[in-house]
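**Student:** I'd like to ask you about the structure that follows.
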Amino acid sequence: MAATADDLLDNPAAPQPFLKTPMGRNVLIGGGVAAVLAVVVAIWMWSSTPDYRVLYANYSDKDGGALTAALDQMGVKYKFSEGGTAILVPAEQVPDLRLKLASQGLPKGGNVGFELMENQKLGVSQFLEQVNYQRSLEGELARSIQSLGSVAGARVHLALPKPSVFVRDQQKPTASVLLNLQSGRALDPGQVSAIVHLVASSIPELTIGNVTVVDQNGNLLSEQPKQNGLNKQLDATQLKYVEQVQQNIIKQVESLITPIVGKGNVRAEATAEVDFAQVDTAAEMYKPNSPPEPQAIRSQQTSEQTGATTGPANGIPGALSNQPPGVATAPLDGGAPAAAPQTTTGPASKNATTNYELDKTIRYEQRPMGGIKRLTVGVVVNYRRSVDPNTGKITVKPLAAAEVAQINELVKQAMGYSQARGDTMNVANAPFDGVDRPDENGPDWYKDPANLPLAMQIGKYLLIAAVLAFLYFRILRPLLRPVVRKFDEATAEPEADKKDDDEDDEDAIVALDGKPALGPDGMPLEEEEAPRERSYRANLAMAKEMAKNDPRIVANVIKAWVGQE
């Protein structure tokens, strides 16, 4: 800012402060602009910081060195997570980098697979070939198990006996699996069974009973269930099934009753008794045929015997007397026929046996486990609530008997009520807590955890906008205002000196009279600019008046300025 007239009169050659000189103002303006630009660049870099994601984790030291070397060779920026257990890279480069590193065989992992068989040398013994094959098989199984989400690392040990042609010398193979689980993770029985079956299916003649699975804490995970019937406790799968059955019944009941009584006005609970016993039944039943039905004959046998006796035996005992009688011939001379032998007829016997088919029923019944033995369902329905639109008074009254009966029938249909099975059901109509209180406002959106990421993103951009606005209106704009004014004065067309002097005198008079000071464009100056512009106008008018009255003082001042330069 230029010195006042009193300072020029007292000491025309007095030096001005550096910040008040044109060079000082330019330095100040340049420093402010540089600071603003630095802040803007810092905000832009902060807002555009790449999101780093995990490329690989839980790698060995050897693989870590190979991975970092490959990333340095490709010129990819990376950093380590806390503890150095994972390598982080920009999120958009994760899929591409994994494919490129996989083409280079990275990471190799701590387990060696069938690639071990690729480097077989000529002349290797059969024993060494068998050992390499076993190592390769163990490594491949370990890799397969490590692909599970809960498993961080795995080791597989196989005991493969030598084949023998003698049955008494044959031995079954066995396997042991050591699992290193993720922190805070556990395997359910279904996953352990999957690992056991995976290993048993990969080795010939390996049974699931010969596979042992142990975790890093020494806990045996592959314990087989007791087969002697002493294990009466339900496992996790059965408990989960019971809970799922109960939740399905509750969901069906509430979804059916909610449209009648309104949302939040019904509560249901269910208890299911499930039979997990597996029963196989074989029955063979016989019953006689009923009289109206025709009787089927299975077999029939008839025997009939007629008895005949002869007279007393006569003649000489021997072979001749035992010969049958000869053939009877008719007499040629017409004489009397020969006498017939004397016979006597005895009593006749007849036997008949008839076997009929019986009504036989053979039934084989296999009842699967998991059948429902009994259901118990309890339902509570809230009182009906009504609000008077004129007075806003809340009225609460119980449901009618017909509505309760209708709800009872609907609950029976929803739960699958069976009287033969012994199911029980109870519907109660009772007022809920707070039913007579006015409705509260809707849930606060800022309390919803789902809106937190969106709110953080919006707050980030609002903060950037607020900082930029503050820098522009409070720092950059005031610093650039003198530069803009000087540029306007330099580009304005020159006018008559007298007219400029008159305008300056009028501006100074206006400022001295207490009225708002006007700028070069004729508009009122802002509050922070008016005092400075008013003093400048007043000093200029005073200097012009002094130059008219005493030109020597002005000549001395100009002389002093010229001498300083």
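Every number in this text was worked out from the coordinates using simple rules, so none of it is lab data. For clarity, every value in this text was computed on a predicted model and none was experimentally measured. As a convention, Cβ positions derive from the backbone with ideal geometry for all residues, glycine included, and neighbour counts pool all protein chains shown.
**Student:** Pop out the ³J(HN,Hα) list for the range 545-560 in order, Karplus 6.51 cos²θ - 1.76 cosθ + 1.60 with θ = phi - 60°, rounded to Hz; leave Gly and Pro as x.
**Tutor:** So the J values, rounded to whole Hz, are 5, 5, 5, 6, 7, 9, x, 5, 4, 5, 5, 5, 5, 5, 5, 5.
**Student:** Here's another thing I want to ask about it. Starting from the Kirkwood Rh over alpha-carbon pairs, what translational D in µm² s⁻¹ does the range 341-427 have by Stokes-Einstein at 10 °C and 1.306 mPa s? Let's see the in-between values first.
**Tutor:** On the way: Rh = 21.0 Å.
For the chosen part, D equals 76 µm²/s.
**Student:** Around Leu106, which amide H atoms from residues at least 5 apart in sequence, or from another chain, sit under 5 Å from its own amide H, with H modelled in the peptide plane?
**Tutor:** It is none; the list stays empty.
**Student:** Determine, for each peptide in 386-394, 150-158, 422-430, the mean count of other beta carbons within 10 angstrom over its residues, then list the peptides with the highest first.
**Tutor:** On the way: 386-394: 8.9, 150-158: 18.1, 422-430: 14.4.
Ranking the peptides 386-394, 150-158, 422-430 by packing returns 150-158, 422-430, 386-394.
**Student:** Considering only DSSP beta bridges with both partners in the range 365-428, what is the antiparallel share in %, to the nearest 5? The partial results should precede the final answer.
**Tutor:** On the way: 4 of 9 bridges.
Taking every DSSP beta bridge within the range 365-428, about 45 percent pair in antiparallel fashion.
**Student:** Binned at 5 Å from 0, what are the whole-percent values of the Cα-Cα distance distribution for the range 143-186, short to long?
**Tutor:** 5, 20, 20, 13, 10, 10, 8, 7, 4, 1
**Student:** Pop out the ³J(HN,Hα) list for the range 156-169 in order, Karplus 6.51 cos²θ - 1.76 cosθ + 1.60 with θ = phi - 60°, rounded to Hz; leave Gly and Pro as x.
**Tutor:** Here the 3J(HN,Hα) series is 10, 10, 10, 10, 9, x, 6, x, 9, 7, 9, 5, 5, 9 Hz.
**Student:** Past 30 Å, Cα to Cα, is the threshold; run Lys79/Lys100; Lys263/Lys373; Lys77/Lys121; Lys263/Lys393; Lys287/Lys412; Lys79/Lys121 against it and keep the listed order. All intermediate terms of the calculation are to be shown ahead of the outcome.
**Tutor:** Working: Lys79/Lys100 18 Å; Lys263/Lys373 32 Å; Lys77/Lys121 41 Å; Lys263/Lys393 21 Å; Lys287/Lys412 40 Å; Lys79/Lys121 41 Å.
From Lys79/Lys100; Lys263/Lys373; Lys77/Lys121; Lys263/Lys393; Lys287/Lys412; Lys79/Lys121, over 30 Å: Lys263/Lys373; Lys77/Lys121; Lys287/Lys412; Lys79/Lys121.
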